[in-house]
1. Give segment 75-117 a look and list any residue that's of a type in the set (A, V, I, L, M, F, W, C) and closer than 16 Å to Val30 by Cα, or say none.
2. Which numbered condition trips up Ser132, out of (1) out of contact with any strand residue (DSSP E or B) (no Cβ under 9 Å at 6 or more places or on another chain); (2) closer than 22 Å to Val30 by Cβ; (3) in a helix (DSSP H, G or I); (4) not β-branched (Val, Ile, Thr)?
3. When you scan segment 44-66, how many residues do you find that are at pLDDT below 90 and under 17 Å from the mean Cα position of the chain (by Cα)?
4. Restricting to segment 25-58, name every residue that is aliphatic (A, V, I, L, M) and either free of Cβ contacts under 8 Å to residues at least 40 places away in the same chain or surrounded by fewer than 17 Cβ atoms within 10 Å (Cβ to Cβ) (or both).
5. When the residues of segment 1-19 are narrowed to those that are touching a strand residue (DSSP E or B) at 6+ places or on another chain (Cβ under 7 Å) and without any contact (Cβ under 8 Å) to a residue 60 or more places away in the chain, which ends up surrounded by the most Cβ atoms within 10 Å (Cβ to Cβ)?
6. Name every residue in segment 150-167 that is surrounded by 18 or more Cβ atoms within 10 Å (Cβ to Cβ) and of a type in the set (D, E, K, R), in order of residue number.
7. Looking at Tyr158 and the list (1) touching a residue at least 60 places away in the same chain (Cβ under 8 Å); (2) among the aromatic types (Phe, Trp, Tyr); (3) under 25 Å from Asp25 (Cα atoms), which single condition is not satisfied?
8. Looking at Lys22 and the list (1) closer than 29 Å to Arg95 by Cβ; (2) open to solvent by 40 Å² or more (accessible area, probe 1.4 Å); (3) part of a helix (DSSP H, G or I), which single condition is not satisfied?
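The values are calculated or read from the model by the stated rules, or taken from the named source; none is laboratory data. No experiment lies behind these values; they were computed from the predicted model shown. Cβ atoms come from the backbone with ideal geometry, glycine included; neighbour counts cover every protein chain shown. We work out accessible area using only protein heavy atoms, side chains counted, and drop any ligands, DNA or RNA first. Shrake-Rupley method; radii C 1.70, N 1.55, O 1.52, S 1.80 Å.
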Amino acid sequence: MHVLITGGTGFIGSHLVEYILKNTDYKVTVLDRLDFSSTLHRLDHLSSDLLQDRFQFVYHDLKAPLINSTLHNKINKYGQPDYIYHLAASSHVDRSIEDPMSFVMDNVVGTTNLLDYFRNYKSRWSKFFYFSTDEIFGTAPDDYNFKENDPYNSQNPYAASKAGAEEMCLAYQNTYN
């Protein structure tokens with residue numbers, strides 16, 4: 001099995017990489033751009049035995065399309081990925097208020113570029129997992145747990161960009177299966 005993880009050097013992504021390497025025999029490809037909120041050092045503590053034959057890092061900014069032969073060959077070093085875990089995203093509400101367009105580019109355009117890549121090779125992959133945020137629903141009333149199909153009520157550009165990316169995932173599922 002081969003897993004592609006976007007944002008695998010971020011806080012949550014690095015923990016997912018570690019979990020998969022320690023608890024499965026899967027090969028892992030991390031696709032990341034290494035910005036201020038991510039670092040390869042989050043994986044430094046992993047033993048070289050885990051990383052040596054089962055891990056690769058591929059630099060890519062998802063704002064650019066993934067459909068080129070060099071990048072495709074790097075991603076497929078271990079064969080076509082069986083699973084894609086999409087965790088790459090701009091986060092932090094404060095930053096989204098200062099620069100909303102960068103969040104649209106990273107979260108909506110970046111997700112759409114990854115979905116386009118997935119769509120072109122979907123017959124070879126089994127699952128695409130998108131990681132969102134509860135921010136898309138706004139503030140929850142006391143003792144209420146949001147349901148997946150509750151209406152969006154984004155309170156900031158970060159939440160709206162994550163909601164937009166979710167909608168692209170749904171649109172691709174409905175349009176391209």
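1. Filtering segment 75-117 for residues of a type in the set (A, V, I, L, M, F, W, C) gives 75, 84, 87-89, 93, 97, 101, 103-105, 108-109, 114-115.
Selection gives Ile75, Ile84, Leu87, Ala88, Ala89, Leu114.
2. Tallying (1) out of contact with any strand residue (DSSP E or B) (no Cβ under 9 Å at 6 or more places or on another chain); (2) closer than 22 Å to Val30 by Cβ; (3) in a helix (DSSP H, G or I); (4) not β-branched (Val, Ile, Thr), Ser132 fails exactly one: (3).
3. Step one: of segment 44-66, the residues at pLDDT below 90 are 44-53, 66.
Applying the additional criterion that residues be under 17 Å from the mean Cα position of the chain (by Cα) yields 66.
Residues flagged as at pLDDT below 90 and under 17 Å from the mean Cα position of the chain (by Cα) within segment 44-66 amount to 1.
4. The initial filter retains those residues of segment 25-58 that are aliphatic (A, V, I, L, M), namely 28, 30-31, 34, 40, 43, 46, 50-51, 58.
Result: Val28, Val30, Leu34, Leu40, Leu43, Leu46, Leu50, Leu51, Val58.
5. So the residue we want is Val17.
6. If the condition is that a residue be surrounded by 18 or more Cβ atoms within 10 Å (Cβ to Cβ) and of a type in the set (D, E, K, R), then Lys162, Glu166 are the ones that fit.
7. Of (1) touching a residue at least 60 places away in the same chain (Cβ under 8 Å); (2) among the aromatic types (Phe, Trp, Tyr); (3) under 25 Å from Asp25 (Cα atoms), only one is false for Tyr158: (3).
8. That leaves (1) as the condition not met.
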